[in-house]
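Only the coordinates and a few stated rules stand behind these numbers; no lab work does. Since this is a predicted model, take the numbers as computed values, not measurements. Positions of Cβ are backbone-derived with ideal geometry, glycine not excepted, and every protein chain shown enters the neighbour counts.
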Amino acid sequence: MFLPSSHTVAPFPSKDLDLDLILALRGGDTAMSADTYVSSNAALSLITSALVRGPHIQGVAALFAVSFATVATFTMIRTNYAFTVGYGASVAVQSAALMASFGVPLLFTDKLAPSALLANASLLHGIRLAAYLALRNATVPSKSKQMASMDKTPRLKRLPLALNVSLLYAFMVTPVLYALRGNEEIIADHMDKKQMAGVAVAYLGLAIEAIADAHKFIVKRQKNADYGCATFVGPTGGTFLLCRHPSYFGEVLFWFGLLVGGAFTFRKNATAWICSTLGMIGISFVMFSASKRLDKKQLDTYGGQKEYDEYRARVRGSLIPFVN
C-alpha cells in the first residue's frame, strides 16, 4: 500500500457535542437521535478508514457501499434514475467521500497535485451530469413519458438493478481512490507530467460533454422540438462537428483520462488495475452501444431529410471523431 506520509483522516464531529442543545433546536428526541447520530458517525468513520488505510479490496468495497446507497435511494424514486440522475449522483457522492476522507481541497482553493485534480474532476462530472439529467427529465415530455413507462417494477425489485450498476460506478471511480492513496502529497508544487496528461484529458472530456449536452438542450428548446421528434433540427455545429454523439465521446474521454491519471500510481496493485480496467471497459461498452443504437434510431427517423443526410455525410464519426 502506498499511502502519503502526511495523510490524516478528515475528522468527523465529536460524540461530545451538546446533543441536547442541537436536538432541542431541531425538535428531535435526544435519546433516540443520539443513538442514530453515533451509529451514523461510526458508519462514516468505518468508510473513511476503509478508503484511506484499509486493504485494497476494502477500499473498493467502501466505494461500492457509497455508490449503492446513493443509487438505491434514487432508484426507489424512479427506475430510470439508476442510470441517469442516480449515476451522476453516485459519482458525485463517491468523489465527495474520497475528498472528505483524504482532506482534498476544492478546485482553485490551493495549487493541487494531480490526484486532487482528478478527485475534483470526478466531483464536478457527477454534479453536472446529475443536474443536467434531472433538468432534462423534468422538462422534456418524451423523457418524462419514458421514465413513467419504466416505473411499473415494484420498488424492492429494482434493487438488483441498483446493485449491478453501483458496482460498475464504483469501479469507474477506483482510479481516483488509488491516485489519492498513491500520491505523496495532496497539495504540491511539483506535478508529474505524465499524470497531468491524464488530468488534462479528463477535464477536456468533461468540457466536451458539458458543452454538447447544453448545446443540444438549447437547440431543442429554441426550436420547440422534443427529443426523438419526427423532424431533424440538429444541432449540427460546435462539438457536433467532431462526431454525431459528442456527449458520449466526452464521457468516454473523461473516464479514460481518469484512468490514465490514476494508473501511474497503481504500480503492482492488482486490485487497482483490475477494478479500474473493468470500469473503463464497462462505461465504454455502454457508450459505444448507446451511440450505435441512437445512430440506427436517427437514421430510421430522419433518413431522407435533406438537413440530416447532409449532416451525416459531412460528419462521418459516430462516437470517435472522424472515424466512420
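Computed values, structure above
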| item | result |
| --- | --- |
| Centre separation in Å (Cα based) which lies between region 149-182 and region 80-103 | 10 Å |
| Karplus 3J(HN,Hα) series, Hz, for region 152-161 with 6.51 cos²θ - 1.76 cosθ + 1.60 (x for Gly, Pro) | 6, 6, x, 4, 5, 6, 7, 4, x, 4 |
| Sequence ranges 61-71, 101-111, 116-126, ranked by mean other-Cβ count within 10 angstrom, highest first | 116-126, 61-71, 101-111 |
| Counted charge near Leu129, where neighbours are those whose Cβ lies closer than 13 Å (Asp, Glu -1; Lys, Arg +1) | -1 |
| All-pairs Cα distance distribution in region 170-324, expressed in whole percent, bin size 5 Å | 2, 9, 15, 18, 16, 11, 9, 8, 6, 4, 1, 0 |
| Separation in nanometres of the label points that stand 7 Å from Cα toward Cβ, at Arg316 and Leu44 | 5.5 nm |
| HN-Hα J in Hz across region 243-260 - Karplus 6.51, -1.76, 1.60, θ = phi - 60°, x for Gly and Pro | 7, 6, 10, x, 5, 5, 4, x, 4, 5, 4, 4, 5, 5, x, 5, 5, 5 |
| Cα-based Rg and Dmax for region 148-252, where Dmax is the largest Cα-Cα distance (Å) | 19.5, 55 |
| Over region 60-216: Kirkwood hydrodynamic radius from C-alpha pairwise inverse distances, Å | 16.4 Å |
| Under 5 Å, built H, 5+ apart or other chain: amide partners of Asn183 | none |
| Reach of Lys220 by Cα under 27 Å, taken over lysines that are not fewer than 8 positions away in the same chain | Lys143, Lys145, Lys292, Lys296, Lys297, Lys306 |
